[in-house]
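Please read the structure below before turning to the comments.
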Amino acid sequence: MIHFSNVSKHYGNKSLYSKASFQLNPGEKVGLVGPNGAGKTTIFRLMVGEELPDEGQVVRPDKLTVGYFSQNIEEMKGRTVIDEVKAAAGNLSEIELRLAELEGKMCEPLSDDEMAQVLDEYGHLQSEFEAKGGYDLSARAAEIVTGLGFHPDFHHRPTESFSGGWKMRIALAKILILNPDVLLMDEPTNHLDLESIEWLEAWIQQFKGSVLMTSHDRDFMNRIVSKVLEVAHQAVTVYGGNYDFYEAEREVRRTQLIAAAKRQEDMLAKEEEFIARFAARASHAAQVQSRVKKLEKIERIEVPQEERSIQFEWPEPPRSGEEVFKFEDLTKYYQIDEGKDLKVFENLTGLVKRLDRIAVTGVNGAGKSTFLKIVTGTLEPTSGTYKLGAGVELGYFSQNSLDVLDQKNTIVEEVHGRFPTQTLGYIRNLLGAFKFSGDEVEKKISVLSGGEKSRVVLATILAQPVNFLVLDEPTNHLDIQSREVLLEAVKIFPGTVMVVSHDRHFLRNVTNRVFHLDHQELHIYDGTWDEYLSRISH
């Protein structure tokens, strides 16, 4: 369907890949993985023709419909959400108008030849209109935007009234409404909550076309893709299977490569020893020359350097009391207009115990972040009582935490400022554990991505001797490797954890209780994440 043949791509002195070959076949669902800057987005841009290869070719059928969702969204204004999404469905609106014109012509007195021409055009346009889903366009648009989290009350609001995150959802809906032959998606789960991710997952699973996507959501990749393309070390490597298979197979291949490189190294050492030993002897001249030529022809096996994993000893926090956070009849209202209140939740009662690992869940707008703000004392409830237990030292991560970083500082300056009594070696080790190595620690906060800023803040929180971690969407913008770093840190954290996250892999590995907010009420489930899912599915 789309074929990369010996494609090479360079930016200045940097080579992204050399002689890369792979094929996206009809109906395939493929994951695209690799470190930041390796060239994943360039693969998408080559596929849609926004860029051209320096060498080789990208072959794509002329009539192929490609839908490309990227993180760069166009300006939206002047239309409602539904109208904006419908407008993206190609030329369906023009076809609809032309069909109406032709229907009018059919009622006019026409010659046999004219009528035949009208009927012929009408038949072709009607077939195209039907094939593209024109007759159920409004219904499909409503289904998609609802699935992506827009309440029906918001379907007819103007697009300019929404935040950037919600506009990303509209942009994604515009790609899905196309129902293209090939769907290219660059981080489609960014800005989506858990319910929207699950809806999108189901939509892609039943989608008949081909899919190539990147995602930081491990579960999302595992449930959808059956092949993985890895862009790394200036090469594109193909793996059959989902993300878990790719990760295991990559380790197997690396082990085999290391073994092959060692065998080659031993063989080369023996040959070079023979050459050095007999180079001066005329009786061995022919043998020496033969072995020199043999060595010149051998292609050296190179083992790509892997990112070094740094182990960091997290500080041992003081022990808290058995009751970490107790709350009774918590109620929260927001005043939205004079004399009109918006009820978030009402009469929530519960107890957080020492060493609990609590996932706070609920649909978008259920009040999860509001609840965490009350737990951390950054927001007062409208009514009800709450109390932190004895000896509780609290660490709180929210998206607002990124705003407290000093944009003028470098990473190492910012973190050293939080721990002024620690050595520079300690600070560098801490940052290394969160994937900041070498000269990266000298980058200014102002130039960091959202994920990099999150890693800086999470590192400073976890390096403090706290015993109650409250994390509001800590995995947002983190890539899979960074999420694994955070997951391992939380798993060995010797205190209590309360977390809101849409990363199911993360929740599955840390959760032993669930606080589920639903219709302004709190339902408490004791057990793992999978046990919770099993109970609510019944």
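Read-outs throughout are calculated quantities, based only on the coordinates presented, and are distinct from any laboratory measurement. Please read these numbers as outputs of a predicted model, since none were measured by experiment. In this analysis, Cβ positions are derived from the backbone assuming ideal geometry, glycine residues included, and neighbour counts consider all displayed protein chains.
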Taking 1 over the mean of 1/r across every pair of different Cα atoms in the chain, what Kirkwood radius in Å do you get? 27.4 Å
Rh by Kirkwood over Cα pairs, then Stokes-Einstein D for the range 323-537 at 0.692 mPa s and 37 °C, µm²/s: 179 µm²/s
Distance between Cα centroids, the range 386-423 to the range 319-373: provide it in whole Å. 23 Å
Helix-derived mean residue ellipticity, 222 nm - over the chain, DSSP H n ≥ 4, -39500 (n - 2.57), to 500: -12500 deg cm²/dmol
Find the centroid of the Cα atoms in the range 161-201 and in the range 61-104, then give the distance between the two in whole Å. 16 Å
Could you tell me which residue out of Phe69, Tyr333, Gln117 lies farthest along the dipole of the chain toward its positive end? Charges go on the beta carbon: Lys and Arg +1, Asp and Glu -1, centred on the Cα centre. Phe69
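State to the nearest 20 debye the size of the charge dipole of the range 258-297 about its Cα centre, where the only charges are +1 on K and R beta carbons and -1 on D and E beta carbons.
On the way: 9 positive and 6 negative charges, 29 e Å.
Computed about the Cα centre, the dipole is about 140 debye.
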What is the set of long-range amide H partners of Met498 at a cut-off below 5 Å, with H atoms built 1.01 Å from backbone N? Ile358, Leu469, Val470, Leu471
In the range 370-414, what trypsin sites (Lys or Arg not before Pro) fall in a loop by DSSP, with at most 13 other Cβ atoms inside 10 Å? Lys408
Could you line up Val412, Val252 from fewest to most neighbouring Cβ atoms inside 10 Å? Val252, Val412
Evaluate the distance, in nm, between pseudo-label points positioned 7 Å from the Cα of Glu75 and of Asp112 along their respective Cα→Cβ axes. 5.7 nm
